[in-house]
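Please treat every number below as a calculation from the coordinates, not as lab data. Quick caveat, the model's predicted, so the values are computed rather than measured. Cβ atoms come from the backbone with ideal geometry, glycine included; neighbour counts cover every protein chain shown.
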Amino acid sequence: MSQSEHQTLGFLETELSMGYMERFLEKEKRTAAISTVLIIGLIIIVVSVFLIFYVDKPIRKLISTMEEVEKGNFDHRTIISSSNEMRILSQSFNRMVERFRDMMEPISSMRGSWPGHRKS
């Protein structure tokens, strides 16, 4: 387009007060701050839920199984599948209990045959 093809249709004059602009900017800052707080709160909630379901509950389940084994229940097993690491931990714990039970069986069978030993 050449210069001669441009036509001016009119002019628009506007007035904005500084007070209006300052109020507008304050409102936008407040909105940004509230949005930031809400997003951070949402992130905290999501991380908390993740930790509860993928770390805390499996650890509590493992502790419960450990307490059963401590009481002498070597047949108690735990199955945790919340994550690969927790699954490996659960399987390793179960293998350890199995090996411990296998080591204890000869001892407990000999225990009853020892002279002077009283069964409690």
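Remark: the Ile45-His6 segment gains 8.2 nm on full extension, using 0.36 nm per residue and subtracting the alpha carbon distance.
Given only helices, namely DSSP H runs of n ≥ 4 each adding -39500 (n - 2.57), what is the per-residue ellipticity at 222 nm of the chain, to the nearest 500 deg cm²/dmol?
Values: 3 runs with 76 residues, N = 120.
Taking each H run of at least 4 residues, the total per residue is -22500 deg cm²/dmol.
The trypsin sites (Lys or Arg not before Pro) of segment 54-109 that DSSP puts in a loop, and whose beta carbon has at most 15 other beta carbons within 10 Å, are Lys71, Arg77. Separation of segment 10-51 from segment 54-111 is 53 Å, based on Cα centroids. Comparing Ile80, Ile34, Ile59 in a Gaussian network model of the chain, where Cα atoms under 10 Å apart are tied by springs, the biggest mean-square fluctuation is seen for Ile34.
Label separation (Thr31 vs Glu85): 4.1 nm, computed from points 7 Å beyond Cα along the C-beta direction.
Over all pairs of distinct alpha carbons, what does the Kirkwood formula give as the hydrodynamic radius of the chain, in Å? Each step should come with its number before you reach the end.
Numbers: mean 1/r = 0.0459 Å⁻¹.
When all Cα pairs of the chain are included, the Kirkwood radius is 21.8 Å.
This ranking places Leu62, Leu51 by how few other beta-carbon atoms lie within 10 Å of each, fewest first, which gives Leu51, Leu62.
Taking neighbour counts of Cβ atoms within 10 Å as a proxy for exposure, in what order, fewest first, do Met104, Met86, Met18 appear? Walk me through the numbers before you get to the answer.
Values: Met104 13, Met86 19, Met18 7.
Fewest to most other Cβ atoms nearby, the residues stand as Met18, Met104, Met86.
Take the Cβ atoms of Ser64 and Met104, set R0 to 30 Å, and the FRET efficiency comes out at 0.90.
Report relative contact order for the chain in percent, whole number only (criteria: Cα-Cα under 8 Å, sequence separation at least 6).
Details: 38 pairs, mean separation 16.4, N = 120.
Relative contact order for the chain comes out at 14 percent.
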